[in-house]
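This report refers to the structure that appears directly beneath it.
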Ligand code: SF4
Ligand code: SF4
């Protein structure tokens with residue numbers, strides 16, 4: 001199992017804040033990829049009121065977070081949103097921003113944001129389309 005790697009300053013390395021009380025939403029592709037690993041969507045997902053599929057928390061931690069060794073159990077196949085975090089897409093401002101909850105946010109350069117923004121925007125468009133069209137698989 002690969003250790004969780006945060007590419008930033010590690011200031012929340014004892015408990016990964018982005019895996020605590022997560023509201024990470026998943027695409028159909030994310031879910032299919034994780035199920036190939038032997039997990040069942042009924043166990044790791046919950047449906048939001050808006051029709052999105054988000055990761056379920058257990059005792060305040062993501063279903064896949066292992067507090068005993070501070071790792072993500074599905075690190076190699078984790079949802080795309082987890083890969084891009086803390087870079088997120090702000091729907092109101094219509095641009096990529098660094099999530100205010102990440103304690104390492106000041107270490108992320110504009111260049112870093114610019115490089116992945118088109119992928120983050122595309123991910124959000126997919127999530128919204130699947131939720132609006134009733135295609136969310138949870
Ligand atoms: S899937 Fe992994 S990286 Fe994503 S929130 Fe859960 S434990 Fe953290
Ligand atoms: S919240 Fe930020 S600093 Fe903490 S693990 Fe996630 S990306 Fe790294």
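The values are calculated or read from the model by the stated rules, or taken from the named source; none is laboratory data. Given the structure is predicted, the values throughout are model-derived calculations rather than measurements. Here the Cβ positions follow ideal geometry from the backbone for every residue, glycine too, while neighbour counts run over all protein chains shown.
Residues of the range 33-85 being touching a residue at least 40 places away in the same chain (Cβ under 8 Å), assigned to a helix (DSSP H, G or I) and surrounded by 13 or more Cβ atoms within 10 Å (Cβ to Cβ), which ones?
33, 34, 41, 75, 77, 80, 81, 82
Looking at the range 86-114, which of its residues are assigned to a helix (DSSP H, G or I) and within 16 Å of ligand 2 (Cβ to nearest atom)? Write out each step before concluding.
First, pick out the residues of the range 86-114 that are assigned to a helix (DSSP H, G or I): 105-107, 110-114.
Listed by number, the residues that qualify are 105, 106, 107, 112, 113.
Which numbered condition trips up residue 95, out of (1) under 16 Å from residue 24 (Cβ atoms); (2) surrounded by fewer than 16 Cβ atoms within 10 Å (Cβ to Cβ); (3) at pLDDT 95 or above?
(1)
Just one of the numbered conditions (1) closer than 24 Å to residue 131 by Cα; (2) in contact with a strand residue (DSSP E or B) (Cβ under 6 Å, 6 or more places away or on another chain); (3) within 11 Å of ligand 1 (Cβ to nearest atom) is not true of residue 73; which one?
Result: residue 73 passes all but (1).
Kindly indicate whether residue 76 is at pLDDT 95 or above and out of contact with any helix residue (DSSP H, G or I) (no Cβ under 9 Å at 6 or more places or on another chain).
Working: at pLDDT 95 or above: no; out of contact with any helix residue (DSSP H, G or I) (no Cβ under 9 Å at 6 or more places or on another chain): yes.
No.
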